[in-house]
Amino acid sequence: MTAGASMPSRGTLVPIRNERVHEKVARQLRDSILDGHYGPGDRLPSERELIEALGVGRPAVRQALQVLEHQGLVKVHLGANGGAVVTDVGLGPALQSLVNLFATRRITPTQFVDAKAVLEPAISAAVATAITDDELAELRRNVDDSTAALDGRRDDLLWLTLEFHRVVARATQNPMLELTLLAFTEVAMYIPEFHGGSDPGWRGIVDDHVRLLDALEARDPDRVHELMVAHLQIVVDAFDTDGGDTPP
């Protein structure tokens with residue numbers, strides 16, 4: 001649907017008279033977005049139009065738009081020319097929710113490591129047959145920069161290490177698998193052993209990345225799986241040092 005497209009027919013918007021009105025308003029608008037009535041860049045109907053179409057009050061409409069904005073579906077602009085504009089939905093909101101779960105200790109470090117050990121080697125192995133030449137070149141630049149940074153700033157090494165895994169995640173060519181790998185990568189930001197004065201074994205991490213890249217370039221899923229299992233021992237050791245389920 002192009003920008004400025006008209007509101008869906010009244011048949012898609014049903015007057016609401018039950019409790020928690022704003023949630024029901026949000027659900028109808030969310031369904032309209034997900035069903036394709038509104039696409040990225042489209043402006044939702046004005047508050048006045050929604051009030052009239054749905055038979056609800058202004059507070060319910062405003063709360064509903066706040067819900068949609070929190071979910072990453074719209075961006076609400078204030079002012080005379082403001083309104084709710086549909087965003088290009090990406091993995092960000094879902095990824096942030098997973099990171100928040102870990103950061104608030106609802107996912108323990110042991111649960112994180114166990115899930116990572118089950119899923120990451122298998123998904124990474126699949127990347128061996130899906131990765132593009134451009135992504136391989138990006139990983140080669142990453143490991144070259146990481147090797148050069150071994151005697152430099154630790155913050156650079158941390159960023160390069162995480163970026164290696166972000167590229168591998170994108171190389172799955174599958175949004176669900178990408179989200180899974182990115183969740184593991186972003187949660188790693190909360191592992192204290194990767195920050196400050198302690199050394200998680202940067203040289204070993206970079207060497208592992210070089211070997212993983214060689215296996216990816218060889219399009220060898222079995223070798224990638226084997227190397228990723230060994231690579232994950234670094235994370236296991238980090239959590240063991242931190243005392244098991246003590247949250248980062």
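Applying the set (1) modelled with pLDDT under 90; (2) farther than 19 Å from residue 118 by Cα; (3) open to solvent by 20 Å² or more (accessible area, probe 1.4 Å) to residue 158 leaves exactly one unmet item: (3). Here residue 64 passes the criteria (1) under 18 Å from residue 48 (Cβ atoms); (2) open to solvent by 20 Å² or more (accessible area, probe 1.4 Å) except the one numbered (2). Condition test on residue 69, is it in a helix (DSSP H, G or I), open to solvent by 10 Å² or more (accessible area, probe 1.4 Å), free of Cβ contacts under 8 Å to residues at least 24 places away in the same chain and closer than 23 Å to residue 97 by Cβ? The answer is yes for residue 69. Residue by residue through region 30-54, note down the ones that are surrounded by 15 or more Cβ atoms within 10 Å (Cβ to Cβ) and not in a helix (DSSP H, G or I). 37, 38, 42, 43, 44, 45 - these are the residues of region 30-54 that are surrounded by 15 or more Cβ atoms within 10 Å (Cβ to Cβ) and not in a helix (DSSP H, G or I).
Within region 147-179, being under 22 Å from residue 123 (Cα atoms), assigned to a helix (DSSP H, G or I) and not hydrophobic (A, V, I, L, M, F, W, C) holds for 161, 163, 165, 166, 170, 175, 178. The sole residue among 134, 208, 144 that is within 23 Å of residue 110 (Cα to Cα), modelled with pLDDT of 90 or more and part of a helix (DSSP H, G or I) is 208. Among the residues making up region 109-131, those that are β-branched (Val, Ile, Thr) and either open to solvent by 40 Å² or more (accessible area, probe 1.4 Å) or touching a Gly at 6+ places or on another chain (Cβ under 6 Å) (or both) are 110, 118, 129.
The values are calculated or read from the model by the stated rules, or taken from the named source; none is laboratory data. Everything quoted here is computed from the prediction, not taken from an experiment. Ideal geometry is used to build each Cβ from the backbone, glycine not excepted, and the neighbour counts take in all protein chains shown. Just the protein is used for accessible areas: all its heavy atoms, side chains included, with ligands, DNA and RNA removed. Shrake-Rupley method; radii C 1.70, N 1.55, O 1.52, S 1.80 Å.
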